[in-house]
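Working notes, beginning with the structure itself.
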Amino acid sequence: MSSSTAPLAPELAVSEWFNTPAPLTLAALRGRPVFLHTFQVLCPGCVAEAIPQVQRIERIFANTDLQVIGIHTVFEHHSAMSPVTLRAFLHEYRLRSPVGVDLAEEGSEVPVTMQRFGLRGTPSSVLIGRDGSILHHAFGVEDDIAVGARIAMALSTRVPEIAPTAMPDQKGACVDGKCAVPSPSKDAA
């Protein structure tokens, strides 16, 4: 999917963060590719396949500007998957990237971030481009090579800069990347 036609990623809705000194927002991360993975601590596919894959992604892309973010999105067994349980899980599985607890919405089994991204379950992943667009969306664990190739493409893509142009009347010209506002002409006074 080309980033020019891809939808922008909705903002995360998180009630609590782990492994980060301050809350993260996708808006603040604009300019960096983001690999967003959602999981539950009691999801067998998450524990057996997705979490090890995320650990490989963290290791392989450690020296890049890729931001890996986990979202613990609980839509079942709510009482068993508390933030205390998540903290122990993160410690045991040595997940170092930031992890947020998906915000629960009153009267809904499905948390807010999961709804906003249209996720069907866990594990799920979303690759977000430097421009904030959704480049890829997946339910389940995909092949490491395919995931790595998509991440590499996202890392190699640069957000285009808008080139300065001269003002049509040439009274306000662009020099060294700066465009001056034309001063009012003496004739107009």
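The values are calculated or read from the model by the stated rules, or taken from the named source; none is laboratory data. Here the structure is a predicted model, which means the values were calculated and not measured. Here the Cβ positions follow ideal geometry from the backbone for every residue, glycine too, while neighbour counts run over all protein chains shown.
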Review point. Is it fair to say residue 68 is touching a Phe, Trp or Tyr at 6+ places or on another chain (Cβ under 6 Å) and at pLDDT 95 or above?
Key: yes
Exercise for review: Scan (1) surrounded by fewer than 21 Cβ atoms within 10 Å (Cβ to Cβ); (2) over 30 Å from residue 156 (Cα atoms) for the single condition residue 111 breaks and write down its number.
Suggested key: (1)
Check your understanding: If you scan region 141-150, which residues turn out to be in contact (Cβ under 8 Å) with a residue 12 or more places away in the chain, outside any helix (DSSP H, G or I) and either closer than 25 Å to residue 30 by Cβ or out of contact with any helix residue (DSSP H, G or I) (no Cβ under 7 Å at 6 or more places or on another chain) (or both)?
Key -> 142
Check your understanding: Do you know which residues across region 7-38 are at pLDDT below 95 and in contact with a helix residue (DSSP H, G or I) (Cβ under 6 Å, 6 or more places away or on another chain)?
Key -> none
Revision key, fill the gap. Apart from one, (1) more than 15 Å from residue 39 (Cα to Cα); (2) touching a His at 6+ places or on another chain (Cβ under 9 Å) all hold for residue 99; the odd one out is (1)
Review point. Pairs, please: C-beta under 9 Å, at least 6 apart or cross-chain, first residue without any contact (Cβ under 8 Å) to a residue 24 or more places away in the chain and in region 92-117, second aliphatic (A, V, I, L, M) and surrounded by 15 or more Cβ atoms within 10 Å (Cβ to Cβ)?
Key: 105/13; 105/112; 115/13
Review point. What residue, among those in region 60-104 that are among the charged types (D, E, K, R) and within 18 Å of the chain's Cα centre (by Cα), is surrounded by the most Cβ atoms within 10 Å (Cβ to Cβ)?
Key: 102
**Study point:** Subset of region 91-130 (residues that are out of contact with any strand residue (DSSP E or B) (no Cβ under 6 Å at 6 or more places or on another chain), among the hydroxyl-bearing types (Ser, Thr, Tyr) and not in a loop (DSSP other than H, G, I, E, B))
**Key:** none
Revision key, fill the gap. Considering region 128-171, residues that are at pLDDT 95 or above, loosely packed, with under 14 Cβ neighbours inside 10 Å and among the aliphatic types (A, V, I, L, M), and then whichever is farthest from residue 48 (Cα to Cα), we arrive at 149
